[in-house]
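K.L.:
Please find one structure pasted underneath; my questions will follow.
The values are calculated or read from the model by the stated rules, or taken from the named source; none is laboratory data. Treat the numbers as computed from the prediction; the structure is a model and nothing was measured. Counting neighbours? That spans all protein chains shown, and the Cβs are built from the backbone with ideal geometry, glycine included.
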There are 4 protein chains.
Amino acid sequence: MSRNKNSAILLISCPDQKGLNAAIAEFIFRNNGNILHADEHQDEDLGLFLMRVEWDLADFAIPMTDFAQHFAPIAKKFGMEWSLSNSSHRPNVALFVSKYDHCLADLLYRHRSGELACEIPLVISNHLDVQALADFYRIPLQVVPVTKENKSEAEKRELELLAPLKIDLIVLARYMQVLSPDFIRKYPHRIINIHHSFLPAFVGGKPHHQAYQRGVKLIGATSHYVTEVLDDGPIIEQDVVRISHRDTLEDLIQKGRDLEKVVLSRAVRWHIESRILLYGNKTVIFD
Amino acid sequence: MSRNKNSAILLISCPDQKGLNAAIAEFIFRNNGNILHADEHQDEDLGLFLMRVEWDLADFAIPMTDFAQHFAPIAKKFGMEWSLSNSSHRPNVALFVSKYDHCLADLLYRHRSGELACEIPLVISNHLDVQALADFYRIPLQVVPVTKENKSEAEKRELELLAPLKIDLIVLARYMQVLSPDFIRKYPHRIINIHHSFLPAFVGGKPHHQAYQRGVKLIGATSHYVTEVLDDGPIIEQDVVRISHRDTLEDLIQKGRDLEKVVLSRAVRWHIESRILLYGNKTVIFD
Amino acid sequence: MSRNKNSAILLISCPDQKGLNAAIAEFIFRNNGNILHADEHQDEDLGLFLMRVEWDLADFAIPMTDFAQHFAPIAKKFGMEWSLSNSSHRPNVALFVSKYDHCLADLLYRHRSGELACEIPLVISNHLDVQALADFYRIPLQVVPVTKENKSEAEKRELELLAPLKIDLIVLARYMQVLSPDFIRKYPHRIINIHHSFLPAFVGGKPHHQAYQRGVKLIGATSHYVTEVLDDGPIIEQDVVRISHRDTLEDLIQKGRDLEKVVLSRAVRWHIESRILLYGNKTVIFD
Amino acid sequence: MSRNKNSAILLISCPDQKGLNAAIAEFIFRNNGNILHADEHQDEDLGLFLMRVEWDLADFAIPMTDFAQHFAPIAKKFGMEWSLSNSSHRPNVALFVSKYDHCLADLLYRHRSGELACEIPLVISNHLDVQALADFYRIPLQVVPVTKENKSEAEKRELELLAPLKIDLIVLARYMQVLSPDFIRKYPHRIINIHHSFLPAFVGGKPHHQAYQRGVKLIGATSHYVTEVLDDGPIIEQDVVRISHRDTLEDLIQKGRDLEKVVLSRAVRWHIESRILLYGNKTVIFD
């Protein structure tokens, strides 16, 4: 992957038909754009055309703000759903966390080291434990305690904190509260969760305990978009690690942490770099 | 792993207590056995002691046939469940297969090349398709067609074929019939199945279709002992392979085949080499 | 990957410049081809544009035999190196093998099961051992013994056997003779070898022995195009498997076999499906 | 692995002979120790017996300080090399780092979260960059700049810093200076390095650049004990990650970082938990 300082990225899905590639490539060329990457996929069962194309904006004739207007005829002709992003735009990401802070620490380190091209204007936690970590990375922390009784108020408070920051993506970095459908609908396909199992195995609470009981030989982690059905949203990334009878439940949890960090951080990076195209309950990762 | 031509292998499980290692090692030493391998595991939650010990029989004072008698006092004192095997004994393995013959072909090849130290006196199939393969490897094939109507008779016929051959292990090498509880009880923990998913994800029929629908990023295979609950027996081995949106359902099936061969053959080899200790619904693999 | 029964596949490399995608897509569209897959890569260091594009031939206006003529203006304008293949064409593949027949058995099984869309008109071996296997799969076997003294004559004989069969690809399926530069020049980038190590570690003979001595924790296998420098050709695919101190040299060899089969068969399939684009001493795999 | 609060761990290597297991197990039992783990390995080529045994000290009759005296007769009889450690003892570990701080940050996080049962009384760096990180985790940092000219003085200074802290283990967490033989001899088999390649491939400087040039399909990382020959010491752990043509050199470096963290931290943990037995130029990992 190149990380061009100033490129445009277009994600497209539409019914497949002849001439799609030509129309898109010709449009970019006519407006003096140099295509840096183009990757295309067809879902043959659904007859869908799915594409990610990235081009250099150096000599591109159309300002980003006018793109929609110029691209409209093509989009209309082919019935496209599309979204445009600019590689120089750094999206605003909010991190939610509870007590386990390994994913938070990992994401903040990657952010500081330049691996994640985003802003992180806010960390929200239902516990005080991560204050020192947030301070070290100089990210504002807001603590919003959540109980059964105050859950709806707590979510209201969280939404109030998010709204003025124009948050593009919420990352649940081992946030142990289940978000309400109302909350999720506010950020459709813009909430990424890390579940500490190989979904769909071990849905719900305490997946490592479930895995230990079942005697599996590998444990997994899954990053996915959050939908209203628990642990059922489109999967972005998964990975596994081998365990043996020598591993106690505590070992599983420790090995799991290394997985969760990597699997969550990949999902966040791909989202930020506009590499994920959602369709149905699946994702295409244009890597 | 060494593959000593003439060694004894003892698998032991019992409540943990002091002196177990000493008693076992002293018994073998007193009778002039040289320990080749000794591996021990404790399940701390259950307070269980689990051990595999292998020793050279070259100068061992006790004939295998008299072992039980001599070992009885120790076994009784510690409340041991134990089983003894002889590395020079080649267990009798029957292979069951339906139409997909990749696991069968793989096991027969490994058997011929010396990787599996067993006899294979019989292949049973509910289809005629594998005749040429069985002939090539000179293994007798018995075709036992199975329908909904004749299922119980078919199983009766299978049991009749197995009985005179003193079968130690049945391997379901992509055998697409569900065995009845009656059949399974005849070979308790001596039937190994390969399921083409990462259990407990995608239990039951067409797991690759299920995986494709769910949009997972890895597909798996699981070898396990067959119990009366479908796809729920003790897991012996699992592995996974990465897939992407570029993979069609057909690609999943093809990638799955490579997994299934490896995952099943490992389970068969470990069983034959007395490396698997069952307890509860789990396995310890002494590799 | 779809496996369209009748599609054209074009592999292109040329200096990167604006308008390449548009020119190619427009050419296909103008001639009424429906693009099934298009994947493009740029080597930014070298300023190279590398592409694989596949389109349905159902309504395509140009016969394959006339393609070069029609495509010439575009190819010339952009300075393209290109090659065209037809998915319905089954290339002729010759397999070379010595005594270890696991890769041979694996490739023949995959061929018979439809996984490899090629013809295999010939197996050449310097030993008699694989006769039964070749017979079973009904592939003609030619035995060409090789000694230090007769090496150049033996290669001459092999070339004579290959010539009339219009061999597109030679696969060294654990063929233990080093081919001469003269031989290799006859089949430039059309000879694939499997080396039983993770190259460039353990070049040359007995890599498993070298790995065992060095005490590595993973062993590998590498499939690569054969060039005149031993084990130095462009790498197509690699994979590894974990080993431990419990593994003897014999175990390494056995675990290695499973790797070699998978790593070689992937390379062969990708070559057959025109998924490999060579540039410099590297490969791009359009999967 | 259990992490018993107060257990003894004995690592033994000696020529193999009958009665070894019995003598050791009987010694522990006679002194009222309960064996928690016992794992044994034989190198058949070298005729070596290698063992790790761990037992509960709760009722053990011999104080650790007197162990050598009581165990001497057995050790002498069998010609044992042995070392004893106590799980409640937290070894002193010094971390060396240059500019790349991902391994340092990872180790410090794991230490704080309880995953590494050691003390870290000192970080030494040849750069100032890691001051904030060391401060955050409240670990004293000593900056010792190293140039070609002052190298021997710098090492002298480092040794002076280490000596009063009774350092058990030095971890080179991406420390980019080659230590002199004199330095290494002061800490024989007590310096662990992380090399960012799959050794023995890509020895020496800039291994990611070498890997990128060679066109490998996997990149690796290797943790090993430092010996006087560069990148040639006994390997403790290795792992790899898949790359593709889409990955730039920068991507390799980034993917490599995730590997290095995991591969180094495992080695450090195993050393701390006395799970590594060195013999020849190899390691046995008793996991």
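K.L.:
Please find, among C:60, C:136, C:67, the residue that is in contact with a helix residue (DSSP H, G or I) (Cβ under 9 Å, 6 or more places away or on another chain) and outside the structural domain of residue C:173 (by TED's automatic domain parsing).
P.N.:
Working: C:136 fails: outside the structural domain of residue C:173 (by TED's automatic domain parsing); C:67 fails: in contact with a helix residue (DSSP H, G or I) (Cβ under 9 Å, 6 or more places away or on another chain).
Checking each option against the conditions leaves just C:60.
K.L.:
Then there's this: Give the residues of region C:199-215 that are in contact (Cβ under 8 Å) with a residue 24 or more places away in the chain and either more than 17 Å from residue D:218 (Cβ to Cβ) or hydroxyl-bearing (Ser, Thr, Tyr) (or both), sorted by residue number.
P.N.:
Correct list: C:204, C:208, C:209, C:212.
K.L.:
From D:282, D:186, D:255, D:206, grab the single residue that is surrounded by fewer than 24 Cβ atoms within 10 Å (Cβ to Cβ) and within 11 Å of chain C (Cβ to nearest Cβ).
P.N.:
Details: D:186 fails: within 11 Å of chain C (Cβ to nearest Cβ); D:255 fails: within 11 Å of chain C (Cβ to nearest Cβ); D:206 fails: within 11 Å of chain C (Cβ to nearest Cβ).
It is D:282.
K.L.:
Mind listing whichever residues of region B:57-76 are closer than 30 Å to residue D:15 by Cβ and either surrounded by 20 or more Cβ atoms within 10 Å (Cβ to Cβ) or more than 24 Å from the chain's Cα centre (by Cα) (or both)?
P.N.:
Residues satisfying the conditions are B:57, B:58, B:59, B:60, B:61, B:62, B:63, B:67, B:70, B:71, B:74.
K.L.:
A further question on this structure: Just checking, which of B:110, B:138 is part of a loop (DSSP other than H, G, I, E, B), of a type outside the set (Phe, Trp, Tyr) and within 30 Å of residue B:5 (Cα to Cα)? If you could, list the steps in order and put the result at the bottom.
P.N.:
On the way: B:110 fails: part of a loop (DSSP other than H, G, I, E, B).
When all the criteria are applied, what remains is B:138.
K.L.:
Looking at region B:254-274, is at least one residue of a type outside the set (A, V, I, L, M), assigned to a strand (DSSP E or B) and either farther than 17 Å from residue B:103 by Cβ or modelled with pLDDT under 95 (or both)?
P.N.:
Within region B:254-274, none of the residues are of a type outside the set (A, V, I, L, M), assigned to a strand (DSSP E or B) and either farther than 17 Å from residue B:103 by Cβ or modelled with pLDDT under 95 (or both).
K.L.:
Select, from A:102, A:37, the only residue that is closer than 30 Å to residue D:252 by Cα and within 13 Å of chain C (Cβ to nearest Cβ).
P.N.:
Answer to the check: A:37.
K.L.:
Now, a different point. Tell me, please, whether a residue that is more than 16 Å from residue B:23 (Cα to Cα), part of a loop (DSSP other than H, G, I, E, B) and among the small types (Gly, Ala, Ser) can be found in region B:73-95.
P.N.:
yes
K.L.:
If you don't mind, there's one more thing I want to ask. What is the number of the single condition among (1) under 22 Å from residue C:197 (Cβ atoms); (2) more than 10 Å from chain C (Cβ to nearest Cβ) that residue D:269 does not meet?
P.N.:
(1)
K.L.:
Still on this model: With region C:1-58 as the region, which strands (runs of 3 or more DSSP E) entirely inside it contain at least 2 residues that are at pLDDT 95 or above?
P.N.:
Qualifying strands (runs of 3 or more DSSP E): C:7-15, C:48-56.
K.L.:
Pick from C:125, C:113: which is outside the structural domain of residue C:16 (by TED's automatic domain parsing) and touching a strand residue (DSSP E or B) at 6+ places or on another chain (Cβ under 6 Å)?
P.N.:
C:125
K.L.:
Please go through (1) at pLDDT 95 or above; (2) more than 25 Å from residue B:285 (Cα to Cα) for residue B:205 and return the number of the only condition it doesn't satisfy.
P.N.:
Going through the list (1) at pLDDT 95 or above; (2) more than 25 Å from residue B:285 (Cα to Cα), residue B:205 breaks only (1).
K.L.:
So, residue A:85, is that one small (Gly, Ala, Ser), more than 30 Å from residue A:72 (Cα to Cα) and either in contact with a strand residue (DSSP E or B) (Cβ under 6 Å, 6 or more places away or on another chain) or at pLDDT 95 or above (or both) or not?
P.N.:
no
K.L.:
Out of all the residues in region C:160-189, which are touching a residue at least 12 places away in the same chain (Cβ under 8 Å), in a helix (DSSP H, G or I) and within 23 Å of residue C:108 (Cα to Cα)?
P.N.:
Matches in region C:160-189: C:161, C:162, C:165.
K.L.:
Taking the stated definitions as given, is residue D:105 closer than 29 Å to residue D:191 by Cβ, in a helix (DSSP H, G or I) and either touching a Phe, Trp or Tyr at 6+ places or on another chain (Cβ under 7 Å) or among the aromatic types (Phe, Trp, Tyr) (or both)?
P.N.:
Yes: the conditions hold for residue D:105.
K.L.:
In region B:216-226, is there at least one residue being out of contact with any strand residue (DSSP E or B) (no Cβ under 8 Å at 6 or more places or on another chain) and either over 17 Å from residue A:216 (Cβ atoms) or within 12 Å of chain A (Cβ to nearest Cβ) (or both)? Walk me through it before giving the result.
P.N.:
Step one: filter region B:216-226 for residues out of contact with any strand residue (DSSP E or B) (no Cβ under 8 Å at 6 or more places or on another chain), giving none.
For region B:216-226, residues out of contact with any strand residue (DSSP E or B) (no Cβ under 8 Å at 6 or more places or on another chain) and either over 17 Å from residue A:216 (Cβ atoms) or within 12 Å of chain A (Cβ to nearest Cβ) (or both): absent.
K.L.:
Quick check on region C:113-132. Is at least one of its residues without any contact (Cβ under 8 Å) to a residue 24 or more places away in the chain, more than 30 Å from residue B:253 (Cα to Cα) and in a helix (DSSP H, G or I)?
P.N.:
Yes, there is a match, as at least one residue in region C:113-132 is without any contact (Cβ under 8 Å) to a residue 24 or more places away in the chain, more than 30 Å from residue B:253 (Cα to Cα) and in a helix (DSSP H, G or I).
K.L.:
Taking the residues in region B:230-245 that are more than 7 Å from chain A (Cβ to nearest Cβ) and part of a strand (DSSP E or B) as candidates, determine which candidate is farthest from residue B:285 (Cα to Cα).
P.N.:
B:242
K.L.:
Moving to a separate point now. Give region A:105-155 a look and list any residue that's closer than 22 Å to residue D:136 by Cα, among the β-branched types (Val, Ile, Thr) and surrounded by 15 or more Cβ atoms within 10 Å (Cβ to Cβ), or say none.
P.N.:
Scanning region A:105-155 gives A:120, A:123, A:124, A:130, A:139.
K.L.:
Considering only region D:19-34, state which residues are in contact with a helix residue (DSSP H, G or I) (Cβ under 6 Å, 6 or more places away or on another chain) and within 7 Å of chain B (Cβ to nearest Cβ).
P.N.:
Of everything in region D:19-34, those that are in contact with a helix residue (DSSP H, G or I) (Cβ under 6 Å, 6 or more places away or on another chain) and within 7 Å of chain B (Cβ to nearest Cβ) turn out to be D:19, D:21, D:22, D:25, D:26, D:29.
K.L.:
Follow-up question, since we're still on this one. So is residue B:100 under 28 Å from residue B:275 (Cβ atoms), in contact with a helix residue (DSSP H, G or I) (Cβ under 7 Å, 6 or more places away or on another chain) and not acidic (Asp, Glu) or not?
P.N.:
Working: under 28 Å from residue B:275 (Cβ atoms): yes; in contact with a helix residue (DSSP H, G or I) (Cβ under 7 Å, 6 or more places away or on another chain): no; not acidic (Asp, Glu): yes.
No; evaluated as a whole, the condition is false for this residue.
K.L.:
Take the residues in region C:220-243 that are closer than 22 Å to residue C:171 by Cα and of a type in the set (Val, Ile, Thr), then tell me which one is surrounded by the most Cβ atoms within 10 Å (Cβ to Cβ).
P.N.:
So the residue we want is C:222.
This table checks each residue for (1) within 27 Å of the chain's Cα centre (by Cα); (2) surrounded by fewer than 18 Cβ atoms within 10 Å (Cβ to Cβ).
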{"position": "C:26", "(1), (2)": "no, no"}
{"position": "C:31", "(1), (2)": "no, yes"}
{"position": "C:93", "(1), (2)": "yes, no"}
{"position": "C:100", "(1), (2)": "yes, no"}
